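One structure below.
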Amino acid sequence: MAPKTLATDVLRWTLDPSQLAFDNTTELDVPESLVGQPRAEEAMALALSLRPHGYHIYLSGPTGTGRTTYARRRLSEAADALPPASDWLYLPNFREPSSPLAVAVPAGMGPRFQQALRELQRECAILLPQAFSSDEFGAARDEATQEFSAQADAEFAQFQREAQELGFSVQPGPTGLTTTPIADGHALSAEAIAALPPERREALERAAQQVQRLGEAFVRRAHELQRASEQKVRDLTHEVARYACRPLFERLEQEYEVTPLLRHLQDLYRRIPEWLPLLVPSGQETVEDPGWFAVNAFVSRDGDAAPVVYEPNPSYYNLLGNIAYEASAGGGLRTGFTLIRPGAVHRANGGFLLLPARELLTNPLAYQGLKRALSQRSARVENIGQEDRPTPTLGLDPEPIPLDLQVVLVGPEAAYHELRQMDEQFRKLFKVRVDFAPDMPNIPENRTSLARFLTGLGRSHGLRPFTAGGAARMIEEAARLAGGRRLLSTRMAVIIELAVEADAVAARRNASAIDAIHIEETLEGRRRRGGLYQERMLEMIALGTIRIETRGARTGQVNALTVLTQGGQEFGLPARITARTYAGGAGVVDIEREVQLSGPIHSKGVLTLSGYLGWRFGRSQPLSLSASLTIEQNYGGIEGDSASSTELYAILSDLADLPIRQDIAVTGSVDQNGLIQPIGGVNEKIEGFFAVCSALGLSGTQGCMIPRQNVPDLMLSGEVVQAVREGKFHVYAIDTIEEGIELLTGVAAGDDKEGGYAPNSVFARAAQRLSEYAQAVRGGGQERGQRLA
């Protein structure tokens, strides 16, 4: 018996606004928990409790379900319960300048300490010149100088006496000491020395050598006295500098009692002799500042809660920081510890880091660097390629910063499974998966939660409230988005977009609240704005450019139902499937597959047909069949097995030589036993064929045949439901191929309990044709592959 048309009450689920128990959404409270995601909330609670143990999170689910928004809110709540995160500083390493020191200080202290050292440098630069220009320092310096000057004078007088005893006079000159031999109080000239007896000249030479030795000893002693004098002045200068600066350092030591900062201040104080020339230059030359008083406030906090950092562009440098360079006076580039820049992992240290998984995975260096930092629980700032250079270069090697953070990756489910299977390190790090469901059960509790979500949406986005009718219509649309009456969509981004657009419509209508009529107008506007491609396709069908028949009957030809996506909108269109059979052994040939226009699932569906035909007709004799299938006027790719039952009907029609009704379009997958299986996009498919029939003219016999399992998924438009109510259009639901072929041909399938086929039934006619094919192949009476008349 052929199936009957479905009643209108199963074609669309509607919600009576009176079931919502409110007149306006302003009467409702905002939901306290995530709407429709109890599993995700449970997993997130567990994951956050495991933060101290290094458990990181992968948050998966469809786009638009509010994953990122929920994660930011939930992490902010968890951050409030954590202690404030530390500031991080980089300080100069006086012992190893290329390895700056990483120091943690209480939140907010970093910038203050940075400013304090700037002030310290400024105050020292004022105090030190004043101290060195005082009378006391001048007197002490002169005393030290005079003391050593007197000693030098005494040493020189002693040298003069000793030289005089040896017959020489000593006089200081511009180039050093000058010694001259004398006799009778007069200097001897060279001629006089030459006229001396040989014995006298030899004695004079020996005396000259001794005077030279005495002179060299005097010079060495004079230099020693000079150095001692200068050292005493330096010691005096350093002592005065320490005395002048000590109160400034003591004040800072009392204010910053953090051990690393105290150690740094004490070290800086001890090194006054090294940085003193910077503040009090001794000459005219320019003294370069090596950064004695500099502090890199690497990460600073401005709140009392632990940080929650969202990095939408997780490149290597955005994530892990970098060492910047700046132009130097000589035209080159230079760097320094103050140019070390933090990344997101440093800013999130002590709290949470939220990252989009897809963007992270497109940056392999960033992904590998993140895993390395999480595995080592420390983050080292280094530029790309620094560790892979074949020849080490001199540069900065900042001290790594210990990490205490929890990372949350937000991404698609497929990426999670692939990473978990292929990346062992990922499995060790991201141990908790928080999975967002694309839908929730359509039960009163969830309907109320969705209405309360609309309440919160009005407050957060400044929208008008919804009437009960408006909220009911939004809930109905959520069911349609979820694919049927049993579920409600949790793709809140789509619901938000619809609400915002409906609010704009209500504003144009000067309405104080959003009602069902405003939502209907919004949906109609969307269809109209995005319907250009569909309209062009309908025009080509109406003109006959695309051949689609909605009346009469054709042998080996069936209207299949397909779904197309264009510009973000989905709509249905019929496609003409034809089959031709002939004697041979090629089996079922899918033309789309042969020319590589079909995907693997579609090809699987076609191959399933061979199994059904063999099971149905080949158990008593071998099948000698060649059949070609194609989707006429298809010039693009096709995927899915929802047309497999349609293709089987076309083959059975051609074998039995029975025409198929063209006013009924078909969808449904089929298994090898002839059972019809559910498909997707059932609403769009039915509405698409209805649009074609409307364009060509409704006959009252047209309709669609769908799997019975898809009946609960029906959320058809009001226009289609009204046409069915008026008998202008029909929707049929079937379970087996037998039901479908009977509806399409008007002839009984012919399957009886004894396993035979009733005379003139579809299966009997098909079996007879296959027997003729087998005889033709065995007898060789006809050319292989020729179609029998």
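The values are calculated or read from the model by the stated rules, or taken from the named source; none is laboratory data. Since we're looking at a predicted model, the values are computed, not measured. Counting neighbours? That spans all protein chains shown, and the Cβs are built from the backbone with ideal geometry, glycine included. Only protein heavy atoms, including side chains, enter the accessible area calculation; ligands, DNA and RNA are left aside. Shrake-Rupley method; radii C 1.70, N 1.55, O 1.52, S 1.80 Å.
Going by the structure shown, is residue 18 in contact with a strand residue (DSSP E or B) (Cβ under 6 Å, 6 or more places away or on another chain), open to solvent by 30 Å² or more (accessible area, probe 1.4 Å) and part of a helix (DSSP H, G or I)? It is false that residue 18 is in contact with a strand residue (DSSP E or B) (Cβ under 6 Å, 6 or more places away or on another chain), open to solvent by 30 Å² or more (accessible area, probe 1.4 Å) and part of a helix (DSSP H, G or I).
Could you please let me know if residue 11 is on the phi < 0 side of the Ramachandran plot and at pLDDT 95 or above?
When the stated conditions are applied, residue 11 passes them.
Whenever a residue of segment 229-249 is open to solvent by 60 Å² or more (accessible area, probe 1.4 Å), its partners that are among the hydrophobic types (A, V, I, L, M, F, W, C) and in a helix (DSSP H, G or I), lying with C-beta atoms within less than 6 angstrom and at least six residues away or across chains, give the pairs 232/144; 242/272.
Criterion applied to 396, 354, 360 was being in contact with a strand residue (DSSP E or B) (Cβ under 6 Å, 6 or more places away or on another chain) and either at pLDDT 95 or above or of a type in the set (Gly, Ala, Ser) (or both), and the one residue passing it is 354.
Per the listing 296, 313, the residue uniquely within 47 Å of the chain's Cα centre (by Cα) and open to solvent by 30 Å² or more (accessible area, probe 1.4 Å) is 313. From the list 74, 12, the lone residue that is assigned to a helix (DSSP H, G or I) and either open to solvent by 50 Å² or more (accessible area, probe 1.4 Å) or not β-branched (Val, Ile, Thr) (or both) is 74. In segment 743-758, the residues that are at negative phi and small (Gly, Ala, Ser) form Cβ pairs under 8 Å with partners that are modelled with pLDDT of 90 or more and in a loop (DSSP other than H, G, I, E, B), at six or more places apart or across chains, as follows: 748/761; 749/761; 758/748. For residue 271, the stated conditions do not hold, so it cannot be described as over 27 Å from residue 77 (Cβ atoms), open to solvent by 30 Å² or more (accessible area, probe 1.4 Å), among the basic types (Lys, Arg) and without any contact (Cβ under 8 Å) to a residue 12 or more places away in the chain.
Highlighted here are the helices (runs of 4 or more DSSP H) found entirely within segment 689-782 that include at least 2 residues which are among the basic types (Lys, Arg): 762-779.
Of all residues in segment 316-344, those that are modelled with pLDDT under 90, of a type in the set (Ser, Thr, Tyr) and open to solvent by less than 70 Å² (accessible area, probe 1.4 Å) total 2. Only one of the numbered conditions (1) loosely packed, with under 13 Cβ neighbours inside 10 Å; (2) farther than 21 Å from residue 126 by Cα; (3) among the polar types (S, T, N, Q) is not met by residue 212, and that is (1).
Taking the residues in segment 168-193 that are touching a residue at least 24 places away in the same chain (Cβ under 8 Å) and in contact with a Leu (Cβ under 7 Å, 6 or more places away or on another chain) as candidates, determine which candidate is most open to solvent (accessible area, probe 1.4 Å). Among those residues, the one meeting the criterion is 181. Looking across segment 519-562, the residues that are in a loop (DSSP other than H, G, I, E, B), farther than 21 Å from residue 649 by Cβ and in contact (Cβ under 8 Å) with a residue 12 or more places away in the chain come down to 530, 531. Going by the structure shown, is residue 111 outside any helix (DSSP H, G or I), in contact (Cβ under 8 Å) with a residue 12 or more places away in the chain and open to solvent by 30 Å² or more (accessible area, probe 1.4 Å)? The answer is no for residue 111. If you check 155, 162 for being in contact with a Lys or Arg (Cβ under 7 Å, 6 or more places away or on another chain), in a helix (DSSP H, G or I) and touching a residue at least 12 places away in the same chain (Cβ under 8 Å), only one passes: 155.
Within segment 622-654, the set of residues being in a loop (DSSP other than H, G, I, E, B) and at pLDDT 75 or above comprises 622, 623, 624, 625, 632, 633, 634, 641, 642, 643.
The rows are residues; the columns are (1) of a type in the set (Asp, Glu); (2) assigned to a loop (DSSP other than H, G, I, E, B); (3) under 30 Å from residue 104 (Cβ atoms); (4) open to solvent by 70 Å² or more (accessible area, probe 1.4 Å).
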| residue | (1), (2), (3), (4) |
| --- | --- |
| 404 | yes, yes, yes, yes |
| 416 | no, no, no, no |
| 425 | no, no, yes, no |
| 428 | no, no, yes, yes |
| 447 | no, no, no, no |
| 450 | no, no, no, no |
| 454 | no, no, no, no |
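Within segment 669-691, residues that are in contact (Cβ under 8 Å) with a residue 12 or more places away in the chain have Cβ atoms under 7 Å from residues that are assigned to a loop (DSSP other than H, G, I, E, B) and open to solvent by 40 Å² or more (accessible area, probe 1.4 Å) in these pairs: 669/641; 675/735; 676/735, counting only partners at least 6 apart in sequence or on another chain.
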